[in-house]
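Dumping the structure here so I can ask a few things about it.
The values are calculated or read from the model by the stated rules, or taken from the named source; none is laboratory data. Because the structure is predicted, anything quoted here is derived from the model rather than measured. When we count neighbours, we look across all protein chains shown, and the Cβ atoms used for this are built from the backbone with ideal geometry, even at glycine.
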Amino acid sequence: MNQGKSTTKKATQKSANSTTVINKKSKGFTDEERAAAKAYAQERKAEARGENDERAALAAIAEMPEPDRAMAKRLHAIIKASAPALSPKTWYGMPAYAKDGKVVCFFQSAQKFKSRYATFGFSDAVNLDEGAMWPTSFALKELTAAEEAKIGALVKKAVS
C-alpha cells in the first residue's frame with residue numbers, strides 16, 4: 001500500500017514540475033540552425049560517397065544572394081591561389097576548405113543566420129596562434145584589395 005502512495009506522490013510532483021515548463025517559450029534551435037544541422041548530415045553522407053567536393057562548394061556559392069555570392073567567389077579564388085593543397089567542400093551548407101579531411105577555413109553568408117555581415121573563419125586545427133589570444137573569425141561587409149591580401153596571408157599561415 002505504501003508503494004501506491006509514493007507512486008502517486010511522485011506523479012503529483014512530476015506533474016507540478018512539468019506545468020512550469022508549459023508556460024515558458026522554448027529556446028530550442030532556430031529554423032536556420034536546424035537547416036544547418038540537416039545540411040551537415042547530408043554533407044557527411046555525400047562525403048562517404050565522395051561527393052562533397054569543389055562542385056558542392058561552388059553550388060553553395062551559386063545559391064547565395066548578392067553581395068555574399070561575389071565575396072564567396074572571390075574568397076574561393078584567393079584560397080585556391082594561397083593554399084592549393086586545401087580541398088573545397090561544404091560545411092553546414094557553406095563553402096569550406098579542408099586539409100586531410102579537417103576544415104581549415106570557411107565562409108558563412110550573412111543570410112545563413114540573418115546576420116548583418118558575412119563571416120570568414122578558421123577552425124582550431126590551424127596555425128594562427130599568437131600568444132594567449134588571437135582572432136579565429138572575421139566579419140566581412142566587402143572585400144577590398146587590403147582584405148584580400150590579409151586573407152591570403154592568413155590562409156597561407158593557417159596551413160603552414
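Picking from Ala62, Ala118, which residue would you name as being of a type in the set (A, V, I, L, M) and over 16 Å from the mean Cα position of the chain (by Cα)?
Of Ala62, Ala118, the one residue that is of a type in the set (A, V, I, L, M) and over 16 Å from the mean Cα position of the chain (by Cα) is Ala62.
May I pose another question? Answer yes or no as to whether Tyr117 is on the phi < 0 side of the Ramachandran plot, modelled with pLDDT of 95 or more, among the hydroxyl-bearing types (Ser, Thr, Tyr) and surrounded by 18 or more Cβ atoms within 10 Å (Cβ to Cβ).
The answer is no for Tyr117.
When you go through (1) more than 19 Å from Val155 (Cβ to Cβ); (2) touching a strand residue (DSSP E or B) at 6+ places or on another chain (Cβ under 8 Å) one by one for Lys114, which number turns out not to apply?
Against the list (1) more than 19 Å from Val155 (Cβ to Cβ); (2) touching a strand residue (DSSP E or B) at 6+ places or on another chain (Cβ under 8 Å), Lys114 comes up short only on (2).
Would you say Ala46 is in a helix (DSSP H, G or I), at pLDDT below 80 and surrounded by 14 or more Cβ atoms within 10 Å (Cβ to Cβ)?
Spelling it out, Ala46 is indeed in a helix (DSSP H, G or I), at pLDDT below 80 and surrounded by 14 or more Cβ atoms within 10 Å (Cβ to Cβ).
A follow-up question, please. With respect to Tyr97, is the statement that it is within 17 Å of the chain's Cα centre (by Cα), under 20 Å from Val159 (Cα atoms) and modelled with pLDDT of 95 or more true?
Yes; evaluated as a whole, the condition is true for this residue.
Oh, and also: Regarding Ala125, is this residue touching a residue at least 40 places away in the same chain (Cβ under 8 Å), out of contact with any His (no Cβ under 8 Å at 6 or more places or on another chain) and at negative phi?
Spelling it out, it is not the case that Ala125 is touching a residue at least 40 places away in the same chain (Cβ under 8 Å), out of contact with any His (no Cβ under 8 Å at 6 or more places or on another chain) and at negative phi.
To continue, here is another question. Which of (1) on the phi > 0 side of the Ramachandran plot; (2) at pLDDT 95 or above is the odd one out, the single condition Ile151 does not satisfy?
The number of the failed condition is (1).
Spot the failing condition for Pro84; the list is (1) modelled with pLDDT of 95 or more; (2) surrounded by 10 or more Cβ atoms within 10 Å (Cβ to Cβ), and only one is missed.
(2)
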